[in-house]
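Below: the structure, in structure tokens.
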Amino acid sequence: MDETRDGEGSSQPVEAKTKAQGMSHQSDVLPCDQLRDQVIGNQSSHTQLMETLLHLRQTVDDCITQLTTRPPQLDLPLEEQRHNQATGEQEAFLRRVVNLLQSGAMWGLGLQAPRPTLGPRDDAGGGQQAQLSRQLDQLVHQLSHLEVAFVSHDLSNRGIDISAFERSKFQDFKTYQGDKYHEDKNTMGFINLGVSENKLCTDLMTERLSRSDMNHLEDALLQYSDQRGQPFLREEVARFLTYYCKSPARLDPENVVVLSGCCSVFSALATVLCDPGEALLTPTPFFGGLVMGSYLYSKVELMPVHLDSEITDGSARPFQLTVDKLEQALLEATLKGKKVRGLLLINPQNPLGDVYSRDSLEEYLEFAKRYNLHVIIDELYMLSVFDDSVTFRSVLSMESLPDPNRTHMIWGTSKDFGISGFRFGALYTHNKEVASAVSSFGFLNGISGITQYKLCRLLQDREWIDKVYLPTNHSRLKAAHRYITNKLKALKIPFLNRGSGLYVWMNLKEYLQPCTFEEELLLHHRFLGNKLILSPGKTYMCKEPGWFRLIFSDKPLPLKLAMHRFYEVLAEQKRDLRVKQLEDPQKE
Amino acid sequence: MFALPEKESRAPSTCPGPASTQDLDSNCGDGLERECSRKPDQKLPELYGVGDPTAGFSSNSSHLSSRGGIIKWFWDSAEAGYRTYHMDEYDEDKNPSGIINLGTSENKLCFDLLSKRLSQSDMLRVEPALLQYPDWRGHLFLREEVARFLSFYCKSPAPLQAENVVVLNGCASVFSALATVLCEVGEAFLIPAPYYGAITQHVCLYGNVRLVSVYLDSEVTGPDTRPFQLTVEKLEMALQGANSQGIKVKGLILINPQNPLGDIYSPAELQNFLEFAKRHELHVMVDEVYMLSVFEESVGYRSVLSLERLPDPQRTHVMWATSKDFGMSGLRFGTLYTENRDVATAVASLCRYHGLSGLVQHQMAQLLRDRDWINQVYLPENHARLKAAHTYVAGELRALGIPFLSRGAGFFIWADLRKYLPEGSFEEERRLWRRFLDHKVLVSFGKAFECKEPGWFRLVFSDKAHRLCLGMQRVRQVLEGKSQVAEDPPACQTQEPRDRHRNCALRSQDNPSLGEDLPVK
């Protein structure tokens, strides 16, 4: 996320302006994993739409140039100028709109997209060109109306950012929500292999949560509690982590803070560790949802440490993180004037499925210590390591942490227990200051007492977890993984074969021509057109186009159907590439 | 971006005296609600005050960011008062000489009814959809139920829309999210003071938004007026004052029924305030979290949603929760109702931080749907119990000759203890509060509500009779000055007769107190 702040001034409009520019020039760094996860669109019009958008961006750029060269008072009555502090704001807005459109929000905004033409893309004749530009004018015109509704003087700049983000996602989400796959009721609906949820064990979980011990009620559960979380739950979390993370010493409940989801924990941590504009180093590709986690409330930036798929001298496997790369990224960030406060690690990694070895982990922690960096380590998938030959080592299992006061671990039940709807996340940190500061958010990110009780019962039931839940979950994950990877092998699609997580990271470069992020997005839309949701690599800030993440933790039936659709799209894509190849030489 | 005060320049102007550097000064009785503030004492009558919760703060943490240091300070300052209470919580059996909490605004009168209802089989459904990521605005079934519920109980002229509802984990979160999406860093909301002080923290933590107090007077200035009456003139003056200091005010917060005054705005007043806001293009956030806790029928409460026509519907945002009206502050269910889709969408985007378990969402929908139980069982019983508790505490205060405000809404009485402060200073107010705590009764002092007159206290009465009686005995002891003499702590607390507290007449047997100067542990 290398948003260079060319205007280093601290005043608000300048900030807003530079940020917006950063966003438009590099729309890839928008905090929008789920956005892209769920982008739904009409596949047939996408090709056209992409072109339209490029034109539109040009038009908007022209508009902006006009705006910035004209004195603002000519355009607006005086009282309105109060709200339009600077033309920069308008510019920021327009750029946002363009980004929005590009990210797929168009359908919900009631804008009419140009009709798709039937011929190949570069066949647009002069007449169509004229029509296109007319439609563009119309679009721009509508946009100016939109601005009234959209900026509407109601939201703050950050509110607009937040809203823009949600709006784009939200419209897609609505489309998806309205047309979800259902085994009996809607077999033609969208199959979502984009959002990381484990749906394989809902039967076990439903049964366990329905047992009578879950329904206990006492007055303390309905009243304000300790902001760090109910003491009984924090004690249970400490016991649970001691056991499953194989901690050498018993973990202390005083070091535990529970909040409504790992997103909240991460956001709170980012807020108390970094000031706005400061940054965390993050090896990429990585789970893009965290960009949002750090960005929406706390305005903390993530500086990517780009990893390569190719195996080079320093690495033994694709996308391997090395201390050299960390050093280099830190240096680059420092040269850019970025204050880096910490390092964010995900282990098991999302989307790679990699598990860090004990030695690597130690090296990363030592690196962080050398530079007084905090390490936030997200172990959200620690119990979703389904391959017995893979040994996961939690950071809490280490005999001695290089810098315990700067090491903060996050875990939650969303992935490992497949209950993302519970909204539970926990922080474990030895640093009392950090724990206290994060606890201040207990009010804003608190968990219902009733939910805390259920979670406590769940985590307590070691017998059920060890004998029923984990074995079943792992064998189902393994089966689903085997099914998917066999399909990929049959299609000769390269992928990372790891034994953890709920996803497969695969390379569809073969199907992109040229191999660009634009083509990646088009392929993504093609999947959407066939009612299949996958996540393109761009949302993980992957620097190489062509990678996709596929979630395999779904029931066999939807999974099978999804792979059928997957196959159809790739076949179609292949056909088109061949046609294109044939046509290209003809043109020359 | 995060406005960290410049410590050197700020310090002299914000420290009223050496006392303010002590830890306990910011522990305003209401530890649980985090009602804390640290403002300089006002010597001259002021019309408004710009809140700066971070003034006087200093941090030298090597691990936290500057804003992290401030955030931790919020925790520390609230934590000490909270800790005192929680280390020595009253329990009828286990710790009968522990601290009685008349400080936290919670309704503990109806747990029996609630626990029965929440244990019925319709509440216990578990299904996969409830376990997975929901719509961030809240499950549709719940938003629909909230819309129906509010339409009915707020008496809205037209049915309210589920599309305008956003569900969050409590009203604190609604304040936080609204502050963030409506204001830039450092901008402000107007709020009539005294007010529920925790809002200071809610809007500050993530949003870094400030509150500008519109100070109200206890004195009645003319016919047809009442103490602490809010008027449009006062709003205008506070707004002008803030503007003259270069502070951008983006909205107005109204709490109705008011906390801590227990006041209710008439429809005409409400209309005037809304018109004022419209004139200045201010958002209005109306916190109606006590709307069903109006236990005096004659009061005639009107929700803002009942108005025939809102002056500025796009800038009017209503919040409600089950915390107070259903005595479930620990359930963390709050909701925003706004016709402004941009605001709703922006708030919904922040809901990934403020989500509520699907299972609890199901329970809330079932609860709100059960109109029979609410109307025929819960509300009548709750109101009767509130009324009885209120009558008792009001009687006690009258017997002590203490003036107080209470208009038949909310869980608290706003009591005028100015006669116990010889000099009328906030230091004395704190000392009195401290003496209450030393005598094992936790109340909230006026400073925690940004009241500009020292000597006002909030007493929460919505607790079980035996605790309430004991609490009031202790209050009486402190005020009657019996406690001035330090006594030995009880030799063995557990030997006290267990049934003693059930009889409110047994005042003389109340537990011995700690001496005034003994540190509270």
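The values are calculated or read from the model by the stated rules, or taken from the named source; none is laboratory data. From a predicted model like this one, the values you see are computed outputs, not experimental measurements. Because the Cβ atoms are built from the backbone with ideal geometry, glycine has one as well, and the counts that use them run over all protein chains shown.
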Quick one: A:Arg228 ticks every box in (1) of a type in the set (Lys, Arg); (2) away from chain B (no Cβ under 11 Å); (3) under 23 Å from B:Thr104 (Cβ atoms) bar one, so which box is it?
(2)
Pairing a residue in the range A:453-469 that is within 13 Å of another protein chain (Cβ to nearest Cβ) with any residue that is surrounded by fewer than 17 Cβ atoms within 10 Å (Cβ to Cβ) and of a type in the set (D, E, K, R), where Cβ atoms lie under 6 Å and the two sit 6 or more apart in sequence or on different chains, gives A:Arg457/A:Asp213
Among the residues that make up the range A:226-245, is at least one of them assigned to a loop (DSSP other than H, G, I, E, B) and more than 29 Å from B:Met364 (Cβ to Cβ)?
yes
What are the pairs with Cβ atoms under 6 angstrom where one residue, in the range A:205-217, is without any contact (Cβ under 8 Å) to a residue 24 or more places away in the chain and on the phi > 0 side of the Ramachandran plot and the other, located anywhere, is assigned to a helix (DSSP H, G or I) and among the aromatic types (Phe, Trp, Tyr)? Sequence gap at least six, or different chains.
none
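Quick one: which of A:Glu310, A:Glu235 is more than 30 Å from A:Pro545 (Cβ to Cβ), in contact with a Pro (Cβ under 8 Å, 6 or more places away or on another chain) and away from every other protein chain (no Cβ under 14 Å)?
A:Glu235
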Pairing a residue in the range A:275-294 that is part of a strand (DSSP E or B) with any residue that is at pLDDT below 75, where Cβ atoms lie under 8 Å and the two sit 6 or more apart in sequence or on different chains, gives A:Ala279/A:Met1; A:Leu280/A:Ser294; A:Thr282/A:Leu290
Looking at (1) surrounded by fewer than 21 Cβ atoms within 10 Å (Cβ to Cβ); (2) more than 24 Å from the chain's Cα centre (by Cα), which one does B:Pro380 not meet, given that it meets all the others?
(2)
Of (1) within 12 Å of chain A (Cβ to nearest Cβ); (2) closer than 26 Å to B:Gly410 by Cα; (3) in contact with a Leu (Cβ under 7 Å, 6 or more places away or on another chain), B:Leu205 satisfies every one except (2)
Quick check: is even one residue across the range B:328-337 crowded, with 24+ Cβ neighbours inside 10 Å, facing chain A (nearest Cβ under 7 Å) and touching a strand residue (DSSP E or B) at 6+ places or on another chain (Cβ under 8 Å)?
no
Is it fair to say A:Ser553 is in contact with a His (Cβ under 9 Å, 6 or more places away or on another chain) and modelled with pLDDT of 95 or more?
yes
Considering only the range A:251-264, state which residues are modelled with pLDDT of 95 or more and either in a helix (DSSP H, G or I) or within 17 Å of A:Asn405 (Cα to Cα) (or both).
A:Leu251, A:Asp252, A:Pro253, A:Glu254, A:Asn255, A:Val256, A:Val257
Out of (1) on the phi < 0 side of the Ramachandran plot; (2) small (Gly, Ala, Ser); (3) not in a helix (DSSP H, G or I), the odd one out for A:Gly418 is which?
(1)
Among residues belonging to the range A:295-330 that are in a loop (DSSP other than H, G, I, E, B) and under 23 Å from A:Ile162 (Cα atoms), point out the one that is modelled with the lowest pLDDT.
A:Leu296
Are any of the residues in the range A:557-568 at pLDDT 95 or above and farther than 30 Å from A:Tyr381 by Cα?
yes
Single condition A:Pro248 does not satisfy, out of (1) over 22 Å from A:Leu373 (Cα atoms); (2) in contact with a strand residue (DSSP E or B) (Cβ under 8 Å, 6 or more places away or on another chain):
(2)
Hits in the range A:421-459 (condition: on the phi > 0 side of the Ramachandran plot and more than 25 Å from the chain's Cα centre (by Cα)):
none
Within the range A:181-221, can you find the residues that are more than 27 Å from A:Leu352 (Cα to Cα), part of a helix (DSSP H, G or I) and not hydrophobic (A, V, I, L, M, F, W, C)?
A:Asp203, A:Thr206, A:Glu207, A:Arg208, A:Ser210, A:Ser212, A:Asp213, A:Asn215, A:Asp219
Could you grab me the full set of residues in the range A:380-405 that are part of a loop (DSSP other than H, G, I, E, B) and of a type in the set (Gly, Ala, Ser)?
A:Ser384, A:Ser389, A:Ser394, A:Ser400
Among the residues of the range A:183-220, write down those that are within 8 Å of another protein chain (Cβ to nearest Cβ), among the polar types (S, T, N, Q) and within 30 Å of the chain's Cα centre (by Cα).
A:Thr202, A:Thr206
Sole residue being away from every other protein chain (no Cβ under 14 Å), over 22 Å from B:Leu47 (Cα atoms) and out of contact with any Asp or Glu (no Cβ under 9 Å at 6 or more places or on another chain), chosen from B:Ser306, B:Ser293
B:Ser306
Taking the range B:207-225 and the residues there that are assigned to a loop (DSSP other than H, G, I, E, B) and among the hydroxyl-bearing types (Ser, Thr, Tyr), the one that is surrounded by the fewest Cβ atoms within 10 Å (Cβ to Cβ) would be B:Thr221
Qualifying residues in the range B:456-503 (those that are over 22 Å from B:Lys94 (Cβ atoms) and at pLDDT below 50) - the one nearest to the chain's Cα centre (by Cα):
B:Ser483
Residues satisfying the stated conditions in the range B:432-446, i.e. among the basic types (Lys, Arg) and not in a helix (DSSP H, G or I):
B:Lys440
Taking the range B:340-373 on its own, how many of its residues are at the interface with chain A (Cβ under 7 Å from one of its Cβ atoms), assigned to a loop (DSSP other than H, G, I, E, B) and within 28 Å of A:Met205 (Cβ to Cβ)?
6
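Could you tell me which residue of the range A:301-331 is farthest from A:Phe495 (Cα to Cα), considering only residues that are among the charged types (D, E, K, R) and out of contact with any strand residue (DSSP E or B) (no Cβ under 8 Å at 6 or more places or on another chain)?
Ranking the candidates gives A:Glu327 first.
Here is a yes/no grid of residues against (1) more than 11 Å from chain B (Cβ to nearest Cβ); (2) touching a His at 6+ places or on another chain (Cβ under 9 Å); (3) not aliphatic (A, V, I, L, M):
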{"site": "A:Phe386", "(1), (2), (3)": "yes, yes, yes"}
{"site": "A:Arg406", "(1), (2), (3)": "no, yes, yes"}
{"site": "A:Phe417", "(1), (2), (3)": "no, no, yes"}
{"site": "A:Lys487", "(1), (2), (3)": "yes, no, yes"}
Mind checking whether some residue in the range B:208-228 is more than 27 Å from B:Gly455 (Cβ to Cβ) and either within 13 Å of chain A (Cβ to nearest Cβ) or out of contact with any Asp or Glu (no Cβ under 8 Å at 6 or more places or on another chain) (or both)?
yes
Determine whether the range A:534-552 contains at least one residue that is assigned to a loop (DSSP other than H, G, I, E, B) and over 20 Å from the mean Cα position of the chain (by Cα).
no
